[in-house]
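Asker: Here it is, the structure, as structure tokens.
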Amino acid sequence: MTRPSPQTQGLLRFLDATRYLAEFKKGLVAHFANPKRVLTVCFPVEMDDGSVRSFLGYRVLHNNVLGPGKGGLRFHPELTLEEVSSMAALMTWKCALIGVPFGGAKGGVVCDTKQLSDGELRRITRRFISELGDNIGPHTDIPAPDMYTDEKIMALVYDTYDTMHPGRNNRPVVTGKPIDHGGSLGRRDATGAGVVFATEQFLRLQGSDVSKDLGGQRIVVQGFGKVGLAAAQLFVSRGAKVIGVSDSQGGIMNPDGIDLEAAESYKQSTGSLSGMPGTSNLKNEDLLLLECDILVPAATASQIHASNAEKLACRLVVEAANDPVTPEADIILQERGIPVLPDILANAGGVCVSYFEWVQNIQNQRWSEQEVTRRLRQRMQQAVVAVLQRHQQMLEKHPHDPHAGMLRTAALTMAIENVTCATLERGIWP
Ligand code: GLU
């Protein structure tokens, strides 16, 4: 069966959410269906064997009403402009919801990092950033890490931009940098930490009597990258039990809980999680169907869809990845009474600490990790409270409408409203 592309998915969700908005100036909300600026660059890179290869890169600025564009750079062989555009819009809503003064953007290069040497990656990154020129900048559009990019790549982004603009403080041009170059303490694990803070707050406010906290909860995490692993570790530190994890090659499970440290070193030495002693292997599709309390998709988009949503055996889904649940699956889960903590809320911890990094860079300050974590926890908790309040209002207003009953709809309508009101306050130019 064909699934909607992530772009169609994003648009569908946006259109669904606009049905519940208050009346605004005609045509204004519809305007947000499209990005403000789309940039495609094609550039040559000399490869290690002396040949030249052509690469495609994108940077999309969806909206900058609330502040400069903000969003990650994704290096992926199947990256498309449609995907980047859809993720840029998601960043607009994420920033608006969590209350950081940024707009939404996203970018990346079509390439397979697993097939590239460090030198090739360095040349691709530098050439890409030089091609973007002044379309990025500390007060215009600020990149960050995303899938298959890390702090090493962000250091190259900074260094390239700084070489192009000597003599000023360029650190705020990119976030997710190494600590030595102005990166924030706590940024590396921020998305995973935000996922756990949001889940904790949700349980505190909405959990049944027996599950008001994370103690004893059985958790399954799809994805063992930066986000999935950090979230899993923090869940365990809160007394939860991670009974299943997976990487792109497959999953492992142990109903008594997986030793995450051992799993990490096993993956490091063998290249995959499969076959780890003391666990049983299972396919990625089957991992999602494990009986558990909380399912955390932390890998790629559209993992929970119309064909498997009916079979999920969890009590709560927390979207650590961007767009892991399709709109059809949303409705199925809603009808089954399984709440979904949506991406723009659950995984906003990354961009939230990116904002803290940007502030520290502008002020030439370094906050302690405790300070960063305290501020992150507070913002995530406040955002969950606000979304739950809106959710309650929507349930009262539209008691028989499954769309209105979704946490995602509550979160999206709040975010779209914020951006729309800010646009009206600034006025439509000229
Ligand atoms: N790539 C992350 C996201 O999708 C973080 C973006 C940022 O920090 O700017 O939210």
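Asker: Under 8 Å between Cβ atoms, which residue pairs at least 6 apart in sequence (or on different chains) link something in segment 256-273 that is on the phi < 0 side of the Ramachandran plot with a partner that is surrounded by 13 or more Cβ atoms within 10 Å (Cβ to Cβ) and in a helix (DSSP H, G or I)?
Answerer: Pairs found: L260/L229; L260/A232; L260/Q233; L260/V236; E264/L229; L273/A263; L273/Y266; L273/K267.
Asker: Kindly establish whether G119 is over 26 Å from L11 (Cβ atoms), within 16 Å of the ligand (Cβ to nearest atom) and not β-branched (V, I, T).
Answerer: So G119 does not fit the description; no.
Asker: May I ask you to verify whether N308 is polar (S, T, N, Q), buried (at least 20 other Cβ atoms within 10 Å of the Cβ) and closer than 28 Å to Q222 by Cβ?
Answerer: No, not satisfied.
Asker: Applying the selection to segment 292-332, what residues are farther than 22 Å from P6 by Cα and touching a Pro at 6+ places or on another chain (Cβ under 9 Å)?
Answerer: Passing the criteria: R315, L316.
Asker: If you go through segment 31-46 one residue at a time, do you hit one that is over 20 Å from the mean Cα position of the chain (by Cα), surrounded by 14 or more Cβ atoms within 10 Å (Cβ to Cβ), modelled with pLDDT under 95 and of a type outside the set (F, W, Y)?
Answerer: Checked against the condition, which is being over 20 Å from the mean Cα position of the chain (by Cα), surrounded by 14 or more Cβ atoms within 10 Å (Cβ to Cβ), modelled with pLDDT under 95 and of a type outside the set (F, W, Y), segment 31-46 yields no hits at all.
Asker: Further question: What residue, among those in segment 140-150 that are charged (D, E, K, R) and either part of a strand (DSSP E or B) or closer than 12 Å to K106 by Cβ (or both), is nearest to the ligand (Cβ to nearest atom)?
Answerer: Going through the qualifying residues, I end up with D146.
Asker: Still on this structure, I have one more. Can M154 be described as at pLDDT below 95, of a type in the set (A, V, I, L, M, F, W, C) and within 24 Å of the chain's Cα centre (by Cα)?
Answerer: Against the criterion (at pLDDT below 95, of a type in the set (A, V, I, L, M, F, W, C) and within 24 Å of the chain's Cα centre (by Cα)), M154 does not qualify.
Asker: Does I153 satisfy being of a type outside the set (F, W, Y), under 20 Å from E46 (Cβ atoms) and within 13 Å of the ligand (Cβ to nearest atom)?
Answerer: In short, yes.
Asker: Among what's in segment 345-373 and is more than 9 Å from the ligand (Cβ to nearest atom) and hydroxyl-bearing (S, T, Y), pick the residue that is farthest from M147 (Cα to Cα).
Answerer: S368
Asker: Go through segment 361-378 and count every residue that is in contact (Cβ under 8 Å) with a residue 24 or more places away in the chain, surrounded by fewer than 21 Cβ atoms within 10 Å (Cβ to Cβ) and not hydrophobic (A, V, I, L, M, F, W, C).
Answerer: Total satisfying the criteria: 6.
Asker: Hey, another quick one. One residue is enough: does segment 378-390 have a residue meeting the conditions among the polar types (S, T, N, Q), within 16 Å of the ligand (Cβ to nearest atom) and within 24 Å of A321 (Cβ to Cβ)?
Answerer: no
Asker: While we're here: Which one is farthest from F224 (Cα to Cα), of the residues in segment 171-211 that are hydroxyl-bearing (S, T, Y) and touching a residue at least 12 places away in the same chain (Cβ under 8 Å)?
Answerer: The extreme case among them is S211.
Asker: Another question, if that's okay. All but one of (1) of a type outside the set (D, E, K, R); (2) closer than 23 Å to T409 by Cα; (3) at pLDDT 95 or above hold for T300; which doesn't?
Answerer: (3)
Asker: Considering only residues that are more than 12 Å from the ligand (Cβ to nearest atom) and surrounded by fewer than 23 Cβ atoms within 10 Å (Cβ to Cβ), look in segment 92-102 and name the one that is nearest to the chain's Cα centre (by Cα).
Answerer: Among those that are more than 12 Å from the ligand (Cβ to nearest atom) and surrounded by fewer than 23 Cβ atoms within 10 Å (Cβ to Cβ), it is G99.
Asker: Out of the residues in segment 15-62 meeting the condition of being of a type in the set (S, T, N, Q) and in contact (Cβ under 8 Å) with a residue 24 or more places away in the chain, tell me which one is nearest to C111 (Cα to Cα).
Answerer: T40
Here's the yes/no breakdown for (1) surrounded by fewer than 24 Cβ atoms within 10 Å (Cβ to Cβ); (2) touching a Leu at 6+ places or on another chain (Cβ under 9 Å); (3) not polar (S, T, N, Q):
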{"residue": "M87", "(1), (2), (3)": "no, no, yes"}
{"residue": "G104", "(1), (2), (3)": "no, yes, yes"}
{"residue": "G107", "(1), (2), (3)": "no, yes, yes"}
{"residue": "G119", "(1), (2), (3)": "yes, no, yes"}
{"residue": "T125", "(1), (2), (3)": "no, yes, no"}
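Asker: Being free of Cβ contacts under 8 Å to residues at least 60 places away in the same chain and either surrounded by 19 or more Cβ atoms within 10 Å (Cβ to Cβ) or within 25 Å of the chain's Cα centre (by Cα) (or both) is the filter here; which residues of segment 393-402 pass it?
Answerer: Within segment 393-402, no residue meets the criteria.
The values are calculated or read from the model by the stated rules, or taken from the named source; none is laboratory data. In this text the structure is predicted, and so the values were computed from the model without any measurement. Neighbour counts are summed over all protein chains in view; Cβ atoms, including those assigned to glycine, are modelled from backbone coordinates with ideal geometry.
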